[in-house]
1. If I ask for residues that are within 7 Å of the ligand (Cβ to nearest atom) and surrounded by 16 or more Cβ atoms within 10 Å (Cβ to Cβ), which ones from region 82-107 would you list?
2. Just give me the residues in region 132-157 being of a type outside the set (Val, Ile, Thr), surrounded by 13 or more Cβ atoms within 10 Å (Cβ to Cβ) and touching a residue at least 40 places away in the same chain (Cβ under 8 Å), in sequence order.
3. Test each condition in (1) over 21 Å from residue 42 (Cα atoms); (2) within 7 Å of the ligand (Cβ to nearest atom); (3) touching a residue at least 12 places away in the same chain (Cβ under 8 Å) for residue 117 and report the one that comes out false.
4. Condition check: away from the ligand (no atom under 16 Å from the Cβ) and either loosely packed, with under 13 Cβ neighbours inside 10 Å or part of a loop (DSSP other than H, G, I, E, B) (or both). Does residue 24 satisfy that?
Amino acid sequence: MKIWIKRVLIGLAVVLILMQFWPTDRPETIIDNPNDIHQEIVINTEVSNLLKAACYDCHSTEITYPWYSNVAPVSFWINDHIRVGSRHLNFSEWATYTAKRKRHKLEEVFEEVEEGEMPLESYTWLHSEAQLTQEQVDLLVNWAKSEMEKINVEDES
Ligand code: HEC
């Protein structure tokens, strides 16, 4: 092997190793959040299982971290998805949302799912259970629509 190639490879290895010590502010996993959407409304098991399998890793505090989420730089990327995803929509903070926000979020849910934008494609590469069939898409879409219609924004004071 050419000496410069060797040096570059060693350099890369050192960078990768040092990267592992870089501090990460990984979002904490909290199960049974009192403000979770499941505490507020009854969700049928099928829909609930879908939400938990396909959305909860990025849109709740009930995060399951796979082993590779500990390995930098993959960890930076995953943590960022979780942070950004739950900032947009957090099912574990559902009860704290205003009626207007809930309606809007449910509308976004069915739009994103209907258009195949959610779950993120990069997530379904390694989470085959989150790869939704057309039937599952319809189920989620219909659920979000019907929950949305139940929310009366006029209730808001
Ligand atoms: C791998 C992480 C990940 C998964 C899994 C995931 N999302 Fe997202 N979601 C994001 C991120 C990140 C955003 C922020 C916007 C963007 O980057 O598209 C987002 C945005 C959204 C939004 C838009 C919210 C807004 O106010 O703009 C909705 C709605 C949504 N996701 C619903 C879902 C649903 C429903 C599922 C499950 C079927 C799901 N997501 C699965 C990461 C994820």
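Laboratory data are not the source of any read-out in this text; all were calculated from the coordinates shown. Computed from a predicted structure; not experimentally measured. Counting neighbours? That spans all protein chains shown, and the Cβs are built from the backbone with ideal geometry, glycine included.
1. Of region 82-107, the ones within 7 Å of the ligand (Cβ to nearest atom) are 82, 84-85, 88-89, 105.
Result: 82, 85, 89, 105.
2. Within region 132-157, the first condition is being of a type outside the set (Val, Ile, Thr), and the residues that meet it are 132, 134-136, 138-140, 142-150, 152, 154-157.
Subsequent filtering for residues that are surrounded by 13 or more Cβ atoms within 10 Å (Cβ to Cβ) retains 132, 136, 138-140, 143-145, 147-148.
Matches in region 132-157: 132, 136, 139, 140, 143, 147, 148.
3. Going through (1) over 21 Å from residue 42 (Cα atoms); (2) within 7 Å of the ligand (Cβ to nearest atom); (3) touching a residue at least 12 places away in the same chain (Cβ under 8 Å) one by one, residue 117 breaks only (3).
4. Values: away from the ligand (no atom under 16 Å from the Cβ): yes; either loosely packed, with under 13 Cβ neighbours inside 10 Å or part of a loop (DSSP other than H, G, I, E, B) (or both): yes.
Yes: the conditions hold for residue 24.
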